[in-house]
Amino acid sequence: MSESTKIKWRIAGEEVGNCNCSWGCPCQFNALPTTGHCEALLAWQISDGYFGNTRLDGVRFARLYWWPGAIHEGNGVRRTIIDEETSKEQREALIALDSGEHGGTYWEVFAAVCPNLVEPLFAPVSLNVDREKRQATVRDQGYRRVRYRAHQKPCDRRGTQGPHRVAQWLRIQGGRDG
């Protein structure tokens, strides 16, 4: 798609993700998946966003992925579950973004390494995030329920341990200005 036909968009919000590998996701470090293949769930709640003239504020969606090997080897399968409360225009916007044709590394990479697209579902999606405690729960009715918690750090010299707090802020945007 040419730059002039890409629709301007922006998304900001909470994202949580998890895969079936050991902590640290080997694929992120150019290694093979722990179990030989990769399965992942990512969920978003958009706090501020748009796709062209369509507002995406408050939209929730989850993405399911499966790869036969490492992510970078490609040939994966992806499916998006869009919260049933979204409007027709919001659904169309997320489906268009998922194509990777409107820019944004996030969408382009997943479209490239997951060329096998399964039709999206429209079902209830809930995402509860407690950023301070580094905990989140994702539920996509009938498909998966995942709880995330901060990793426990090893005991320090006093013999105490607690949550290991890690934060990552990611803002993605695309289109002609992205």
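Quick note: the coordinates plus some simple rules give every number you see, no bench work behind them. None of the values given here were measured: they were computed from a predicted structure. Positions of Cβ are generated from backbone atoms using ideal geometry, with glycine treated the same way; all protein chains shown enter the neighbour counts.
Could you pull out every residue, at least 5 positions away or on a different chain, whose amide H is within less than 5 Å of the one on residue 48? Hs are placed 1.01 Å off N in the peptide plane, and Pro or chain starts have none. Those lying under 5 Å, H to H, from residue 48 are 12, 58.
The residues packed around residue 50, meaning those with a beta-carbon under 9 Å from its beta-carbon, carry a net charge of +1 if Lys and Arg are +1 and Asp and Glu are -1. Stretched out straight at 0.36 nm per residue, the stretch from residue 29 to residue 75 would grow longer than its current Cα-Cα span by 14.7 nm. The HN-Hα couplings worked out from phi for the range 113-128 by the Karplus form 6.51 cos²θ - 1.76 cosθ + 1.60 (θ = phi - 60°) are 8, 10, x, 8, 9, 9, 3, x, 10, 10, 8, x, 10, 10, 9, 10 Hz, whole numbers, x standing for Gly and Pro.
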